[in-house]
Amino acid sequence: MSSFEWNKMAGAFLGALVLALGLSAVSGELFSHPKVAAAGHATIAGHGTQGGNGAGAASVKPLADRLVAADAGKGAQGTKSCQACHTFVKDGAVKSGPPLYGIVERPIASVPGFAYSKALEAKSGNWTFEALDRFLADPKGYANGTKMTFAGERDAAKRADIIAYLDSLSDDPRALPGKNAMTRSE
């Protein structure tokens, strides 16, 4: 093969390489997207701030205000996926999760016969409305190492509905904050 043939092959190879690089640059410009200003998890309401100004945390209403507007019926619908692991009836059986009847004000990690994670066993106190709200929002954030596989309910209003429903599952339901005041003033 002559040097002219080698030059043609080298030229074709280099030409193809330049074409590929050019197409790559053009497609990068055509299909580019804007840079992400902040990590996604930092902009979720209640889980950090947006740009450091506190806007993310400020957008969630206080739990007492959310419980005033809470609907236990909607909360019951919101627990459909929970039924795979939990029971909601009095004296319900232990499944892969503990039964949830009477959970409000029950001591944390206290159902006999259920093997709680060390993370929940280390928690003290009762399942208050506030504790339930924090746990339902981010179970692993509330008790790092919990066995619960549920990722959390990010919608604060839905969490309030679920808490209202859980409160109704009791022989002696607690008064939701603000509900008694509304009843007296009506």
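The values are calculated or read from the model by the stated rules, or taken from the named source; none is laboratory data. This is a predicted model, so every value here is computed, not measured. Note: ideal-geometry Cβ built from the backbone for every residue, glycine included; neighbour counts use all protein chains shown.
Of the conditions (1) farther than 21 Å from Gly92 by Cβ; (2) outside any loop (DSSP other than H, G, I, E, B); (3) in contact (Cβ under 8 Å) with a residue 60 or more places away in the chain, Ile163 satisfies every one except a single condition; which number is it?
All conditions pass for Ile163, except number (1).
Could you grab the pairs with beta carbons closer than 9 Å, sequence gap of 6+ or different chains, first residue in segment 133-159 and closer than 21 Å to Lys74 by Cβ, second one in a loop (DSSP other than H, G, I, E, B) and aromatic (Phe, Trp, Tyr)?
Every condition considered, the pairs that remain are Phe135/Trp127; Leu136/Phe150; Pro139/Phe150.
Any residue that is in a helix (DSSP H, G or I) and touching a residue at least 12 places away in the same chain (Cβ under 8 Å) - is there at least one of those in segment 93-103?
The answer is no, given that none of the residues of segment 93-103 is in a helix (DSSP H, G or I) and touching a residue at least 12 places away in the same chain (Cβ under 8 Å).
Considering each of Ala119, Ala156 in turn, give the residue that is out of contact with any strand residue (DSSP E or B) (no Cβ under 6 Å at 6 or more places or on another chain), buried (at least 18 other Cβ atoms within 10 Å of the Cβ) and at negative phi.
One residue alone meets the criteria, Ala156.
Residue by residue, here is whether (1) of a type in the set (Val, Ile, Thr); (2) part of a loop (DSSP other than H, G, I, E, B) holds:
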| position | (1), (2) |
| --- | --- |
| Gln77 | no, no |
| Val111 | yes, yes |
| Arg134 | no, no |
| Gly152 | no, yes |
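Would you pick out the residues in segment 1-50 that are small (Gly, Ala, Ser) and at pLDDT below 75?
Ser32, Ala37, Ala38, Ala39, Gly40, Ala42, Ala45, Gly46, Gly48
Which numbered condition trips up Lys80, out of (1) without any contact (Cβ under 8 Å) to a residue 24 or more places away in the chain; (2) under 18 Å from Leu67 (Cα atoms)?
Among (1) without any contact (Cβ under 8 Å) to a residue 24 or more places away in the chain; (2) under 18 Å from Leu67 (Cα atoms), the lone unmet condition for Lys80 is (2).
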